[in-house]
Amino acid sequence: MESERIRLTTNFSYSAAWPPSESKGCLLSSSQSKRFSTALSSFPGASSLIDSSFVDYSEGASRDIAAMDEWAAACGVQRSDGFQLVREEEQQQQQQQQQQVSPLEQSTLEMNIGVATSTDISAGQAVLMVPNNMILSGTQARQEIGAVPVAEELLAKLYTAQDHLPQFYLMVQILKQYQMGPQSPWFPWLNSLPRYFSNGSSMTHFCCSECLPPLVGNLANQERLRFIQFFKALQFVDRNILTESTKGNRPLVKWVFAVVYTRCTTFQGDAVIVPMADMFNHGSIQPNVEIQWDGDGNCYAVATQDIPAGSSLRACYGDPTNPSYLFARYGFLDESSPATFCKIMISNPSSELLEMGYDPSRMLFYKDTGDVSQEVWDVLLYQILGDVDPTQQQVLYRAHTSGDYNTKQALHNQYYQQTSSALLQHIDTFVNQLNALSKKQWDVIQPSILDFR
Ligand SMILES: C[S@@+](CC[C@H](N)C(=O)[O-])C[C@H]1O[C@@H](n2cnc3c(N)ncnc32)[C@H](O)[C@@H]1O
């Protein structure tokens, strides 16, 4: 989740009662731990949590959202009056029927939880404030746990894991909290997390390479490879920090890895997870809240526009024009994304082709208008000219790099027949591939149906 890294300058309606002046980051001082523990044992249902030992992270386990909600309030999280955690599907139905949202009533099994407001909110108003000592930080975790040089060297070797050190230490920190069971100050948060993930790291190699279109398959595979590397690097963490059984527990580590990557945001080069703020879902069309920070590292979610009662509160996770990135990282297909992929993928593109604008993320078809991105036309024409007339290919290349629009357009007009039929052929090939994949899926499913007869 890419957040705005804005220092807070606006005035908020909250009182300055929070935070305690000594609090910083995710390291808990003894007084903070006490405050967390007090909060943990003082809300209803806490005793049942303490009786149970570890968070059950199996796919069928239910999420205790209500306990997390109470825990957050007890720990100093402040919210606007109508702020509610809701089930996304119900929220959407209610919005369509223009009804008031109802609060989340009981714990949930596999639900997509989001945030909504039951009251009007004005632009600029803070809807949420999370004190800094509740925020889990990768950098703070590295300081607390101590750097693991061999793990860092290993991660530095893999391009998909470079620059992901804060996420690695965030994962170690969450595993450490998991090991503490109900003694962890974050236990209610851990117990409220989703158990099932459908993002790249939870896919198999077969899924990434055979079932997904090239770009999204490639991105999903990067997530998967990063998990494999994190798992290897984890083995070098001191056993005083993580036990051998925690480090060797692949399903547990995979769950925590998915938690980190679907819920962390970046702040000043750090990877952080802000409990409660991690409940905002993504909105492509007019996201209405953004994350901000004050000078003490307290986190705020602020309305970016007037929001009527009954609306979902949504943040923006990243570039909405290209749904593949969100799918690979977060595991959902953003139906409101304005564009979808043209599946043109060129391995080892030349520097000229790159300068012509070739970039898998720019190979787009726009859903509403049916338009094809300019980069698709330019790349196709450049390739066709390479086959039929290399001199003209250079004319196109020079026109493109010098901004000579007229010459470029004239070449596009001259070769329109060829570029459009290449595009149609590409689409036909892709549709045939999809049919083949559906058939493959059917071949796999059919025998299992017959088994039940
Ligand atoms: C930061 S969490 C948001 C809270 C989450 N919905 C929950 O139930 O805990 C990110 C995850 O929420 C889900 N999500 C977020 N935005 C979504 C959207 N627009 N459509 C479908 N799922 C979404 C995805 O599963 C994603 O990995």
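Only loop residues by DSSP count here, and only those with at most 14 other Cβ atoms within 10 Å; note down the chymotrypsin sites (Phe, Trp or Tyr not before Pro) in segment 159-194 that meet that.
Values: sites: 159, 168, 169, 178, 186, 189; in loops: 159, 186.
Answer by residue number: 159.
In the full protein assembly as shown, how much of residue 202 is accessible to a 1.4 Å probe, in Å² to the nearest 10?
50 Å²
Label segment 146-229 by shape, choosing from rounded, prolate and oblate, from the square roots a ≥ b ≥ c of the eigenvalues of the Cα gyration tensor; if a/c is under 1.5 it is rounded, and otherwise prolate applies when a/b is larger than b/c, oblate when it is not.
Since a/c reaches 1.5 but b/c is at least a/b, the shape of segment 146-229 is classed as oblate.
Once label points are set 7 Å from the Cα along Cα→Cβ at both residue 309 and residue 374, what is their separation, rounded to one decimal in nm?
4.7 nm
What is the calculated FRET efficiency for residue 196 to residue 425, with r their C-beta to C-beta distance and R₀ = 45 Å, to the nearest 0.05?
The calculated FRET efficiency here is 0.70.
Counting only heavy atoms of the protein chains, get the accessible area per residue of segment 143-289 (1.4 Å probe) and round it to a whole Å² value.
Here the residues of segment 143-289 average 36 Å² of exposed surface.
Estimate the FRET efficiency between residue 235 and residue 162 by the formula 1/(1 + (r/R0)^6), using the beta-carbon distance for r and 22 Å for R0, to the nearest 0.05. The partial results should precede the final answer.
On the way: r = 19 Å, r/R0 = 0.88.
Once the sixth-power term is evaluated, E becomes 0.70.
So if R0 is 41 Å, what FRET efficiency would residue 73 and residue 205 give, r being the distance between their Cβ atoms, rounded to the nearest 0.05? The partial results should precede the final answer.
Numbers: r = 43 Å, r/R0 = 1.06.
In this case the efficiency is close to 0.40.
Which value, in Å² and to the nearest 10, is the accessible area of residue 359 when all protein chains are kept and the probe is 1.4 Å?
It works out to around 60 Å².
Need one word for segment 216-292: rounded, prolate or oblate. Basis is the Cα gyration tensor (sqrt eigenvalues a ≥ b ≥ c); a/c below 1.5 gives rounded, then a/b vs b/c decides.
Prolate is the answer for segment 216-292, as a/c is 1.5 or above and a/b outweighs b/c.
How many nm is it between the label spots at residue 180 and residue 394, if each spot is 7 Å from the Cα in line with the beta carbon?
Label-label distance for residue 180 and residue 394, simple model: 6.7 nm.
The values are calculated or read from the model by the stated rules, or taken from the named source; none is laboratory data. Note that the structure is predicted; figures quoted are calculated from it, not measured. For neighbour counting, all protein chains shown are included, and Cβ atoms are generated from backbone atoms with ideal geometry for every residue, glycine included. Calculation scope for accessible area: heavy atoms of the full protein, side chains included, ligands and nucleic acids excluded. Shrake-Rupley method; radii C 1.70, N 1.55, O 1.52, S 1.80 Å.
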